[in-house]
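See structure below.
Each reported figure results from applying straightforward, stated rules to the coordinates on display, with no laboratory input. It should be emphasised that the depicted structure is a prediction, and the values quoted were computed from it without experimental measurement. In this analysis, Cβ positions are derived from the backbone assuming ideal geometry, glycine residues included, and neighbour counts consider all displayed protein chains.
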Amino acid sequence: MRHRWFLPAVLAALSLPAAAQTRDQAKAFVKQAVDFAKKNPREAFLEEVTSGKGRFHFTAGKNNDLYIFVYDLEGKVLAHGVRRELVGIVRWNAKDPDGKAWIQDWTRLVKEKGSGWIEYKELNPAQGNKVMKKASWVELYNGMIIGAGVYE
């Protein structure tokens, strides 16, 4: 009876999403993207984010929930690591299910501080596009807001 905790612990661990990421991993991923953007032409960076074969693009089954998104300061999608169809669309007035204008919020944040965390609700591609709470790390680089988030 000493190992009464073993089965509940194993069952709890198995119920967790295998690809769940942490805030630290999201922040580090954005730092990698910013570093790539600094070392490459702008168009090469944006293609690397949007391309299905790019290192910043989410691919189901890769055991990685993270992807990079890139917006300009007016809310236009410059690149997106999941939804290529959003590229070129201005989403300035987009709101989450609670009415939070998260694109405006992260734009204000990066203009004031250069980087930081923003919380809102968004579709999670790893969970069948279920709306979930999300925390995104965003950084301003060369007129681009580069970010990645974790679903909580």
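How would you classify the stretch 18-151 from its alpha-carbon gyration tensor, with a ≥ b ≥ c the square roots of the eigenvalues: rounded for a/c under 1.5, else prolate if a/b is greater than b/c, otherwise oblate? Provide the component values of the computation, followed by the final result.
Values: a/c = 1.32, a/b = 1.01, b/c = 1.31.
Rounded, because the longest to shortest axis ratio a/c is under 1.5.
Sort 84-90, 26-32 for me by packing, meaning the mean count of neighbouring Cβ atoms within 10 Å per residue, highest on top.
Values: 84-90: 13.0, 26-32: 19.3.
Per-residue mean Cβ counts within 10 Å order the peptides as 26-32, 84-90.
Working from label points 7 Å from Cα in the Cα-to-Cβ sense, the SER51 to GLN32 distance is 1.6 nm.
How do SER136, SER115 rank when sorted from fewest to most other Cβ atoms within 10 Å of their own Cβ? Kindly include the intermediate steps, with their values, before the conclusion.
On the way: SER136 22, SER115 19.
Ordered by Cβ neighbours within 10 Å, fewest first: SER115, SER136.
Note on ASN93/LYS39: beta-carbon distance plugged into 1/(1 + (r/R0)^6) with R0 of 35 Å gives a FRET efficiency of 0.55.
Write out the chymotrypsin sites (Phe, Trp or Tyr not before Pro) in the stretch 95-147 meeting two conditions: DSSP loop, and at most 10 other Cβ atoms within 10 Å of their Cβ. Don't skip to the answer; put the middle values down first.
Working: sites: TRP102, TRP106, TRP117, TYR120, TRP137, TYR141; in loops: none.
Loop-located and lightly packed - none at all.
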